[in-house]
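Worksheet: the structure to be examined is printed underneath.
The numbers here are math on the coordinates, done by the rules we state, and not lab data. All of these numbers come straight from a predicted model, not from anything done at the bench.
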Amino acid sequence: MTDSASLQATVYGRVQGVFFRDFVKRRARELGLAGYVRNLPDSVVEVQAEGEKRQLEKLTGYLKEGPPAARVDEVVTKWSEYTGNYSGFSIRY
């Protein structure tokens with residue numbers, strides 16, 4: 001049995017208008033994760049992802065980097081139990 005978990009991350013910095021959501025979607029799919037990414041007010045990005053904890057930790061590393069045009073100032077994470085609520089990874093608008 002895999003060590004599954006749920007991750008909610010809020011990313012602060014210059015993360016809107018720099019293809020951040022597409023970057024997260026591609027990385028999450030490569031890692032076999034499910035969930036979504038979306039822009040929130042105040043120029044922050046929210047990520048909700050589920051899957052193997054090891055893969056979620058890798059995603060967290062990607063969130064701290066971001067795509068080339070981004071500037072990530074802070075990533076706040078919250079871990080919780082795996083729910084199985086998501087069938088894939090998408091961008092929410």
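Some notes on this structure:
- ³J(HN,Hα), Karplus 6.51/-1.76/1.60, whole Hz, each residue of segment 76-85, x for Gly, Pro: 9, 10, 9, 9, 8, 5, 4, 10, x, 6
- Taking every C-alpha pair closer than 8 Å and separated by at least 6 residues, the mean separation divided by the residue count of segment 4-86 gives a relative contact order of 48 percent.
- Structure-based [θ]222 nm, the chain - -39500 (n - 2.57) summed over DSSP H runs of at least 4, per residue, nearest 500: -8000 deg cm²/dmol
- C-alpha long axis of helix 20-30 to longest principal axis of the chain, angle in °: 20 degrees
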